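Undergrad: One structure coming up, written as structure tokens, with questions to follow.
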Amino acid sequence: MRITAPDGAVLDDAGLSALLGRPVRLIAERPPGAVLRRSVPEQVLAAGVGAEVDYTVQEFGSAAEPGSFFDFAPLHLVTTASLAGAPAARYRPNLVIGHDGRPYEENTWVGREISVGPTLRLRVIAPTPRCAVPTLAHGPLPADPEALRRIARENRVVPLPGMAPLPCVGAYAEVVVPGEVGTGDAVTLR
């Protein structure tokens, strides 16, 4: 397996390990029993990124198709209203939807389909819980604890049954019908 970087460099296990300064291995499928330890966002905000804090444990890639590998779901989408002027890069969505309505409207889209452009159809599966990663520096963007604090104040929802309310921004989605997406494509909620 290989990753192509934005500058066109192709990185394999050795190249990526050298870049990150520790051994890593690229894999295409989720290992059986793999779990994700997610730090409790409020504790990170209170104690700092380097502090030891409590965490929750969930099965890695639990909403992904068999044979694929995502931390939870294939796509993360967010509206411009939910970003509230924050740079999308902080939240790492696959798709930013121009929306001048109510922030966090994505919470109401769970179970519905969205058409983007002429062919792409997505099914929204859950609001996206946010960890402390958006508070960290992202390339030229400096660290910003408000990136999580705002969401923690404004949008605490239960992302999946059995979970506690968490700060969420955006929504996870899966592809129903594949298709290409272009800037300015029409988006229709079904």
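The values are calculated or read from the model by the stated rules, or taken from the named source; none is laboratory data. None of the values given here were measured: they were computed from a predicted structure. Reconstructed Cβ throughout: ideal geometry from the backbone, glycine too, with neighbour counts over all protein chains shown. With ligands, DNA and RNA removed, areas are computed over all heavy atoms of the protein, side chains included. Shrake-Rupley method; radii C 1.70, N 1.55, O 1.52, S 1.80 Å.
Undergrad: What single numbered condition from (1) assigned to a loop (DSSP other than H, G, I, E, B); (2) under 30 Å from ARG102 (Cα atoms); (3) modelled with pLDDT of 80 or more fails to hold for SER62?
TA: Single failed check for SER62: (3).
Undergrad: Restricting to the range 11-53, give me the number of residues that are charged (D, E, K, R), open to solvent by 90 Å² or more (accessible area, probe 1.4 Å) and within 22 Å of ALA137 (Cα to Cα).
TA: Looking only at the range 11-53, we keep the residues that are charged (D, E, K, R), and these are 12-13, 22, 25, 29-30, 37-38, 42, 52.
Narrowing further to those that are open to solvent by 90 Å² or more (accessible area, probe 1.4 Å): 22, 25, 29, 37, 52.
In the following step, the residues that additionally are within 22 Å of ALA137 (Cα to Cα) were identified as 22, 37, 52.
Here the count works out to 3.
Undergrad: Contact list please: Cβ distance under 8 Å, first residue in the range 39-59 and touching a residue at least 12 places away in the same chain (Cβ under 8 Å), second residue part of a strand (DSSP E or B) and among the hydrophobic types (A, V, I, L, M, F, W, C), pairs at least six apart or on different chains.
TA: Between residues of the range 39-59 that are touching a residue at least 12 places away in the same chain (Cβ under 8 Å) and residues that are part of a strand (DSSP E or B) and among the hydrophobic types (A, V, I, L, M, F, W, C), the close pairs are PRO41/LEU166; VAL57/VAL35; VAL57/LEU36; GLN58/VAL35; GLN58/LEU36; GLU59/VAL35; GLU59/LEU36.
Undergrad: Restricting to the range 1-10, give me the number of residues that are open to solvent by less than 60 Å² (accessible area, probe 1.4 Å) and over 21 Å from ALA137 (Cβ atoms).
TA: 2
Undergrad: So, in the range 1-38, how many residues would count as being closer than 28 Å to ASP144 by Cα, in contact with a strand residue (DSSP E or B) (Cβ under 7 Å, 6 or more places away or on another chain), without any contact (Cβ under 8 Å) to a residue 60 or more places away in the chain and among the charged types (D, E, K, R)?
TA: 1
Undergrad: Please report, ordered by residue number, the strands (runs of 3 or more DSSP E) entirely within the range 75-190 with at least 2 residues that are more than 26 Å from VAL57 (Cα to Cα) and open to solvent by less than 60 Å² (accessible area, probe 1.4 Å).
TA: Numbers: elements: 75-79, 95-97, 113-116, 120-129, 166-177, 187-189.
So the answer is 95-97, 113-116, 120-129, 166-177.
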